[in-house]
Each structure stands twice: as C-alpha cells, then as structure tokens.
Amino acid sequence: MTDHDHEEPLDRLRASDPAAEAPAVDRARVRAAVDARLAGDHSAGGAPADQLAARRGRRWPQYAAAAAVALLIGVGGYSLGASGAGGTGMAAEDAAVGDGASSEMAEQDSATSDMAAPGPGSSEEADSASELSIGPYSPRTVFTASGLSTQAGSAPVYGLDASGVATAERARQIAEALGLEPDPVEEDGAWSIGSYDTGEPVLRLYADGTVEYSDPARDPWRCGEATVRDDADDVDDAPGTEEGGIEPASPACADPQGEAPAPDEAEAMFAEMLTSLGVDPADYAVTADRGTEGPVAYVNADLLVEGEPTGVTLGGGVTPDGVTHVWGSLAVPYDLGSYDVVSAQEAVERLMDPRFGGSSSDVMPYALEDAPVEGPPPASEPESIEPGASIPWPVRQVTITGAELGLQSLYTDSGQVLLVPTYTLTGSDAGGDAGTWTVMAVAENGLDLG
C-alpha cells in the first residue's frame, strides 16, 4: 500500500499563487476606503438625466466598491478575489466608467452587468419593478417646421482614403519633417517612433490615417518622473488620500513662462508644419486660440471640401519654440458621386423617426445679469390627483426655423469613414430655449437600411 501526501497538491497550488509573496492585505483599510467611496457617491444626489441613467445609478455603489478595492489591493488582489469579492461583470463595467467610455460602451456594459448577481441593498425584483415605471424626466419632444423649403435635391458624398498615408515611406517622411531621426517601426497596428516612457518625442501613424505627435521637451507643463515609495514598513507615516490610499510623491513640474504666439503667428507656424507634412494648408481652414493662460496657442485645421468645412481636423499646440504636439487625420477625401437628399421640411420629420433620430446640442440659456440663484424647493408630499383628472404628460414643442446643408463624418460598422450630406437644424421651444440638431440628409434610396 502506497502512502500519499495529501498536502502535496495543496502545497503546489499555494506555490503557484502569483500573489504568494505579496504583502498581506490590510482589510480594515480596504473596508474604510470602500465605505468612504460609497458615502461620497450617495451624497452626490441629483436626478438622473434619463431612464437608463437611473438604473446605472442604482448599480453604481457596488461597482465603486469594486474599483476602490482594486485600486488599494494592487498585486495582492488575488487574495480578495479568491474570497469572492468582485466579479468579471463588475470589473468590466467599472473599467468602462473609469475610462470615460462612449455611449456605445455604456450600452454594452448595461447589457453585460445585467448578468451579474445583485449587490447588497438591491434585488433583481426591485430592478424589474423599476424598469416597468415611467420617470418624469423622460424627454418627449415634438418638432415642427416653420418656413423651411420643401424642395428635395442632390449633394456629393465623399470617402476618406488612408491607403497612401499609413505606409512606411509616408511615416518616414513625416518623421523627417518633424525632426525625428530614427526610422519608424510597425507595432500594434501603427508606424511608431519613440516611447512615452522615455520622455523622447513620440510619433504614431495609424492605419486609418490618424497621426499623433508630441515633443515633451517643448511641453511647458512637463513634469519629472514621480518618486515611487519603497517604505512599506513605514506606511502609517506616509501621507494618505481621503480614500485611505498612500499618496505618492509628486513629480517636479515646470512653471510655464512666456506668452503664447499671437493667433496669426501661430496659424502661420502650424501652416508651415502642414506643408512639411506634405499637406496643402489651402485645403484647410486654420484657426488659432491663445487659450486662457500659458505659452501655448491651440490651432485647429478643418479640412475643406468644395470650400466647406468637414469636421475632419488636424489640431495641435504651438509655442514660441515650435509645435509641441499634433493630432488628427491625414486621410484624403475622394468623390463617391452625387446622392439624392431630402428637403429641409422632411429633415425635420426625420428628427422624430427612430431610424434617424437626430443628435442634439441644446443651448443652455444664460441670465443677462448676475443674480442670486435659488436652491431647490424643500421636499414635500405631492398633491393628490383628483379622480378623472388628466394625467401629466409634458411634451416639449420645438419649432425648427433654420436649416443648413453641409457635410459630416459618418463612421461605418466596417471601419470606413464617409463625409455625408447632413442638415444642421436650429429652433427653439415655447419658453425660448434654443437648440441645434443634426440629421442625415441622404434620401432612403441611397441608404442601406438592412
């Protein structure tokens, strides 16, 4: 009979633990940090802007807790993870929130986190019940046109071609124009020079024609390297954050000196840089803004097609010493032909068509004079509604009085970028609050609605 050491498999498992040598987790500090984070979230208050926001708001505390734990645990996270705290769904959602995810990612995270187990203080039944309710904050808007044209027409559509941009030869030419000596190398889907970790100039040229360049030596706000603490034994004496974490030593940062170039000078310097990149400045509307402070002027170059701005831009910062950074697209437009477009009157109707659902940029009204702002009225019980009374269902009535046909970027699911005819519509409601909406102008016979 053979004797087996039943502890041997467990010993091997413990030895394979990637956090076996990590310091022990201070669970009291983690708990305090989580409680502080939750208290801050609950005190923020405020009504959500939409019904989905209400549900995301109810789920947020448990994800804030997961984020606080992840930030504090570091390499010791395996210990708490093995105990059952957190989860894949919660981690994915919290990462999306922390990174300022787009609305598309927010919708995906909402679907993903529905599969996660409910956290403390919530239940699947409560969520289901609230989803069947209708909140008073749901935006209901009806658009009507006033004095707009009913005449349909046609307009050109353009594509953006990056095939001649994202090449080794073009990357080398751009590098030489920016004064970078090393040859670009292809890595992670881009032609690259330099590293953000070394403090040297960095150039990235991506497959879609996007270019990024920065020169830390010309950055007036550049900072030195942060000091990494190595005094684990003296943690109690180290300065801390409100959440309970250890505050790292701050790097030394430069104090910006001097003034930014005047707008016309900054525009000329940026146009010269465009020429060195092989781009004709005449194809762009170049404008500069000196900003509010510091020696940097910010320049934006908007690509023109038939003299009209497209929203495809190259931007950057300019100091008296030269261009500090550049970002934007070098892709070249090409003609896809003429397409039928709807009238301005029909464009307003499209604002209420769920297939088009125009985007809005409402203009917030401002008071003409400074005056004390009253806070919200004290909470009180709502008055009872009499039997048979009309049910409150407020609808915002907006009258569209202006329409301008232009071009706007459209990003397709397969990765192409198109410049499509788009109406910019302006109007206001009965209260005088104005807004601007954009909606696709191409007629249905030119759209693939499948």
Output the strands (runs of 3 or more DSSP E) that fall wholly within region 371-447 and possess 3 or more residues being touching a Pro at 6+ places or on another chain (Cβ under 6 Å), or say none. none
Counted residues in region 307-334 being part of a loop (DSSP other than H, G, I, E, B) and among the aliphatic types (A, V, I, L, M) come to 2
Could you figure out which of (1) touching a residue at least 60 places away in the same chain (Cβ under 8 Å); (2) closer than 20 Å to A347 by Cα; (3) surrounded by fewer than 14 Cβ atoms within 10 Å (Cβ to Cβ) isn't true of E404? (1)
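Can you tell me which residue among G179, G164 is assigned to a loop (DSSP other than H, G, I, E, B), in contact with a Lys or Arg (Cβ under 8 Å, 6 or more places away or on another chain) and modelled with pLDDT of 70 or more? Lay out the reasoning, then the answer.
Working: G179 fails: in contact with a Lys or Arg (Cβ under 8 Å, 6 or more places away or on another chain).
None of the other options fit; the residue is G164.
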Considering region 169-183, residues that are small (G, A, S) and within 14 Å of V211 (Cβ to Cβ), and then whichever is surrounded by the most Cβ atoms within 10 Å (Cβ to Cβ), we arrive at A171
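Output the number of residues of region 340-370 satisfying the condition of being of a type outside the set (F, W, Y), assigned to a loop (DSSP other than H, G, I, E, B) and modelled with pLDDT of 90 or more. Working first, answer last.
Within region 340-370, the first condition is being of a type outside the set (F, W, Y), and the residues that meet it are 340-355, 357-365, 367-370.
If we keep only those that are assigned to a loop (DSSP other than H, G, I, E, B) too, we end up with 342-343, 351-355, 357-358, 361-365, 367-370.
Next cut, modelled with pLDDT of 90 or more only: 342-343, 351-355.
Matching residues across region 340-370 total 7.
Taking region 273-319 as the search range and keeping residues that are of a type in the set (D, E) and under 23 Å from Y411 (Cβ atoms), which one is surrounded by the fewest Cβ atoms within 10 Å (Cβ to Cβ)?
Start the filter on region 273-319 by keeping residues that are of a type in the set (D, E), which leaves 280, 283, 289, 293, 302, 306, 308.
Imposing the further condition that a residue be under 23 Å from Y411 (Cβ atoms) reduces the set to 283, 302, 306, 308.
Numbers: D283: 14, D302: 18, E306: 11, E308: 13.
If we take residues in region 273-319 being of a type in the set (D, E) and under 23 Å from Y411 (Cβ atoms), then E306 is surrounded by the fewest Cβ atoms within 10 Å (Cβ to Cβ).
The values are calculated or read from the model by the stated rules, or taken from the named source; none is laboratory data. Here the structure is a predicted model, which is why all the values come from computation and not from measurement. Please note: Cβ atoms are built from the backbone with ideal geometry, for glycine as well, and neighbour counts cover all protein chains shown.
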